[in-house]
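What follows is a short report on a single structure.
What follows is calculated from the coordinates using simple rules that are stated; it is not laboratory data. Values in this document were obtained by computation on a predicted structure and should not be read as measured data. Positions of Cβ are generated from backbone atoms using ideal geometry, with glycine treated the same way; all protein chains shown enter the neighbour counts.
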Amino acid sequence: MLDRKLVEDIISTVLAGGADFAEVFVENKISNTIIMTDGKVDRSTTGQEKGVGIRGFFKDEQVYAYTNDLSRENLMKVAKRVGTAIKSSDVGTVFPGLKVFDFTDKHVVVWNPLDVSKSEKVAVMRLAHEGAASYPDVVQVMIRYWDYVQEILVANSDGVYAEDTRTRTRLMISAVASKDGVNETGFYGPGAGMGFEFFNTFDVKEAGRKAGRMAQRMVTADFAPAGSMPVVISNAFGGVIFHEACGHALEATSVAKGASVFAGKLGQKIAADCVSAVDDATIPNAWGSANIDDEGTPTQRTLLIENGVLKGYLVDKFHSRQMGMPSTGSGRRQSYKFAPTSRMSNTFILPGDYHPEEIIAATDYGLYAKTMGGGSVNPSTGEFNFAVQEGYLIEKGKIVKPVRGATLIGKGWEVLQKIDMVGNDLARGQGMCGSLSGSVPADVGQPTIRVSEMIVGGRNK
């Protein structure tokens, strides 16, 4: 991607300016997007991102610059500017040279999506459209197909020289149902770190039905009740609450600054005994997985919470200096245009002992949040507000009817302490996570859980 001698010269130039660490990140990414509305292709685009990011550290300061001009003259100029900007009086940091880092690829791709014709991709989209449009009140269906192949090279003054190729494929299905002036949306967006073979791993038409069925049920539903009550949150994308309200507060980005409710609490009890959680970027072909992070560090499975006790944070190279902790392979970035920082990959609550049916049966009255929607969270306080896209009312241990318009309101650290039942049906859902280093693919997940008490925003009679 770049001549090795040139990479070494860039690193040496940054160090000569006074940095005590230098890094080069090279990216070449080709992506394809197809949009289909009501069975007709609206737009099809292919794009390419190619560029270089150069970073320097001096103690607890960092400087980052990027460029899409890959000429030697320009790259050396950018490297010199990074080194100069550090404004350190130190010179002469030892650079041992680069050593190629070899690893076993855990995320084998069978069918490169760049080799697949547009017509084959559209055929998959039509299947999803047929499934979503099969419900009587569904008036609009939008399908978005997305794939990309990203080649990266990471080298730094610690001697790391690593290359990797990441391939991801996703299908996003949105259905809108309308009845008596009410509109409701259903969404399902499966994805994986796989090629086009991904569509042989599940029933595409049924995936469309899932979005359409959600919209159909919600458009005829009564309003959700409001108040404080037990809430049963389903598996898979239900884990978005843990991801947003707790996971971000476990990233070094906020922990190192003391801007997290979990800062300084390693070894302390922060959740109920039945709660254990991990971040695992090593799961083969998972949406948020990678062989190495965007700093060239091997990815790993990081234990975050064990039986309610805080066991670990997600740490990148820069914040590892401030925290005195090793990197957990969590340095991620959207592209070469972003400096990396600590980010989640595949983050989920581990399974417990209960069958989902047992959790419902043990709940006399409450809300069953089958599918979560969007929301907002403040990492420094843990306060969140999430919409329930698909909800049901529980009475006397049974799901009695669908309800719409529910929101879940609370604080992440309080929710962790009020989880009193954890199911055995762990599953993960896919999404895009936004933070300081841009938008990156991330899995969220959990088994079915019950929170003994939560504030539900709805409408009382």
Practice task
Amide H neighbours of residue 385 under 5 Å, at least 5 residues apart or on other chains, H built in the peptide plane: list them.
Solution key: 376
Exercise for the section: Quote the charge dipole size of the chain about the Cα centre in Debye, to the nearest 20; the model charges only the Cβ of Lys and Arg (+1) and of Asp and Glu (-1). Expected result: 820
Handout entry: trypsin sites (Lys or Arg not before Pro) restricted to the range 4-87 and DSSP loop, no more than 16 other C-beta within 10 Å
Key = 59, 87
Fill in the blank from the handout: Dipole check, the range 23-156, charges on Cβ (K,R +1; D,E -1), about Cα centroid: among 150, 56, 33 the Cα furthest to the positive pole belongs to 56
Exercise for the section: Starting at the first residue of the range 119-124, write each ³J(HN,Hα) from the Karplus equation 6.51 cos²θ - 1.76 cosθ + 1.60 with θ = phi - 60°, in whole Hz, x for Gly and Pro. Expected result: 5, 5, 5, 5, 4, 5
Completion exercise
Mean separation of Cα contacts under 8 Å (at least 6 apart) over the residue count of the range 227-457, i.e. the relative contact order in percent, is 31
Handout entry: Interchain or long-range residues, amide H under 5 Å from residue 223's placed H
Key = 404
Problem - Amide H within-cut-off set for residue 346, under 5 Å, with H built and near neighbours excluded - result: 280, 281, 443
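If the limit is 19 Å between Cα atoms, which of 29/337; 311/370; 59/317 go over it?
Numbers: 29/337 12 Å; 311/370 29 Å; 59/317 12 Å.
With Cα atoms farther than 19 Å apart: 311/370.
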Fill in the blank from the handout: Heads up, the chain by the C-alpha gyration tensor (a ≥ b ≥ c square roots of eigenvalues; a/c under 1.5 rounded, else a/b over b/c prolate, else oblate) looks oblate
Problem - Sparsely packed chymotrypsin sites (Phe, Trp or Tyr not before Pro) within the range 52-142, loop by DSSP, other Cβ within 10 Å at most 14 - result: 103
Handout entry: Residue-by-residue Karplus 3J(HN,Hα) for the range 289-300, coefficients 6.51, -1.76, 1.60, Hz, glycine and proline x
Key = 7, 6, 6, 10, 7, 7, 10, x, 8, x, 6, 8
Problem - In sequence order, calculated HN-Hα J values of the range 162-179 (Karplus, 6.51, -1.76, 1.60; Hz; x Gly/Pro) - result: 9, 10, 8, 10, 10, 10, 9, 9, 8, 10, 10, 10, 10, 10, 10, 10, 9, 7
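Highest first, please rank the peptides 328-338, 136-146 by the mean number of other Cβ atoms sitting within 10 Å of their residues.
On the way: 328-338: 24.1, 136-146: 19.4.
Per-residue mean Cβ counts within 10 Å order the peptides as 328-338, 136-146.
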Exercise for the section: Name the shape class, rounded, prolate or oblate, that the alpha-carbon gyration tensor gives for the range 227-457, where a ≥ b ≥ c are the square roots of its eigenvalues, rounded holds for a/c under 1.5, and otherwise prolate holds if a/b is larger than b/c and oblate otherwise. Expected result: prolate
Completion exercise
Descending packing, highest mean Cβ count within 10 Å first, for 152-160, 345-353 is 345-353, 152-160
